[in-house]
Amino acid sequence: MSKEFHDIYSKYSMKKIFRFFKFTLLAILRIILLLIFYFFVSNRIFIGGQDQKFTDYLKTNQEQISDNIDGMLFDEKFYNSQIFLYGEVHGFADNQKMDAIFLKFLNKKEGVRYYVAEMDSTNSDKLNRFLLGSTKDQNLLTEVVTAVRKRIPQQSSIELLEKWNAVYDYNQTLADSLKISVLGVDTDFDNNSPKVSRDSAMMVNFTNSLKKLNIENEKFYGLFGFYHVLQRGTNGGKKPFAERLKNSGFKVSSIVCYTLDSEMYLPKNPQFPTPADQKINIINADGPFMLVKGINDFSKLVQPNSINLFKLDAKDSPYSKSDKLITIKSRIFGESFNPRQGTSTLDYFQYIVLLKNSKALTPLM
């Protein structure tokens, strides 16, 4: 083979290889673009667009919260409840603010003085020593907030510390008969045994505390992770704490929180790559990695940087015959949730708090 022919053949081969890689790369890019397009289109279809029937209802059953609740959305059925539960996706700062607002409101309105906490009795005892102490023991409070990392890493934060400091200050304004104390109903923070579900243990610990303290006729309020406050679980799934309470004869009102355009605190962990500032903004109710059916009905009803309360169970509520807000698809964190056949949103919760532009919790240094 002559050198001239070899050079021509080599150039032809290189061009052929180059074209092959070019077309392969273009094909891969097309596939990636199609997958991205499918991802966002399927998200949009799952969430759905705005429905005028729902938006009209929500407009007349809405309150924007600043520092207090006016209570106009709460009715006799709500106040007849013995247990009020607020469920959050952990990591959003405004939930700590809203938690304190609910607690103070229910203390003033209904005399609620027992806060049911997603913590074990060891740490709730320490928290009570802080809340009922003659002076603010910041070392003791910091010890409790730090211990929370073992069970709920996303909740251990400066905002959690500040909330309990504010509750301490509030307690100083109350008569002893109304001072707030904490019932820790969770399993031991150092016990990760899967033999008994946490919700089952919570139920046992709660009823035991009521008998031990002789407070069966008191009213209670607490903040928990989202799933624990649902008044029904999925078919074949473990029963949430709120469902177990209802099955035991307690009257329960559940409030859940969703977020839009908000930041979540995500502590460093081996399961998911965490940004350097430990904040992410991709876990909101409208996607892209958490999807709540019907959340777009709220998009024009809430202002930037706001906390909003909505009553879902008013007369002729469209949520009484809908699975909106309780049909959830999770692409990364947690599990998707599909309601039981024949149930509606109101079988799971009756109120919703919607946070717009909440900041992430600040890690406790």
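The values are calculated or read from the model by the stated rules, or taken from the named source; none is laboratory data. Everything quoted here is computed from the prediction, not taken from an experiment. A quick note on method: Cβ atoms are made from the backbone with ideal geometry, for glycine too, and the neighbour counts reach across all protein chains shown.
Only one of (1) surrounded by fewer than 15 Cβ atoms within 10 Å (Cβ to Cβ); (2) over 21 Å from the mean Cα position of the chain (by Cα) fails for Pro288. Which number is that?
Result: Pro288 passes all but (2).
Pick from Glu110, Glu118: which is touching a Gly at 6+ places or on another chain (Cβ under 8 Å) and within 26 Å of Phe241 (Cα to Cα)? Break it down stepwise before answering.
On the way: Glu110 fails: touching a Gly at 6+ places or on another chain (Cβ under 8 Å).
Exactly one of Glu110, Glu118 is touching a Gly at 6+ places or on another chain (Cβ under 8 Å) and within 26 Å of Phe241 (Cα to Cα), namely Glu118.
Val112 - would you say it is in contact with a strand residue (DSSP E or B) (Cβ under 8 Å, 6 or more places away or on another chain), assigned by TED's automatic domain parsing to the domain that holds Tyr265, surrounded by 15 or more Cβ atoms within 10 Å (Cβ to Cβ) and not in a loop (DSSP other than H, G, I, E, B)?
Details: in contact with a strand residue (DSSP E or B) (Cβ under 8 Å, 6 or more places away or on another chain): yes; assigned by TED's automatic domain parsing to the domain that holds Tyr265: yes; surrounded by 15 or more Cβ atoms within 10 Å (Cβ to Cβ): yes; not in a loop (DSSP other than H, G, I, E, B): no.
No.
Counting only residues that are over 21 Å from the mean Cα position of the chain (by Cα) and acidic (Asp, Glu), how many does segment 204-243 have?
The total comes to 2.
Could you go through segment 185-197 and let me know if any residue there is in the same structural domain as Ala147 (by TED's automatic domain parsing), polar (S, T, N, Q), surrounded by 12 or more Cβ atoms within 10 Å (Cβ to Cβ) and not in a loop (DSSP other than H, G, I, E, B).
no
Of the residues in segment 264-279, how many are surrounded by fewer than 22 Cβ atoms within 10 Å (Cβ to Cβ) and under 15 Å from the mean Cα position of the chain (by Cα)?
Within segment 264-279, residues that are surrounded by fewer than 22 Cβ atoms within 10 Å (Cβ to Cβ) and under 15 Å from the mean Cα position of the chain (by Cα) number 0.
So which residues in segment 80-95 are in a helix (DSSP H, G or I) and surrounded by 23 or more Cβ atoms within 10 Å (Cβ to Cβ), if there are any at all?
Residues of segment 80-95 that are in a helix (DSSP H, G or I), as a first pass: 93-95.
Hits for segment 80-95 are Asp94, Asn95.
Among the residues of segment 316-365, which ones are among the charged types (D, E, K, R) and either free of Cβ contacts under 8 Å to residues at least 60 places away in the same chain or part of a loop (DSSP other than H, G, I, E, B) (or both)? Outline the logic, then answer.
If we filter segment 316-365 for residues that are among the charged types (D, E, K, R), which is where we start, we get 316, 321, 323-324, 329, 331, 335, 340, 347, 356, 359.
Result: Asp316, Lys321, Asp323, Lys324, Arg331, Glu335, Arg340, Lys359.
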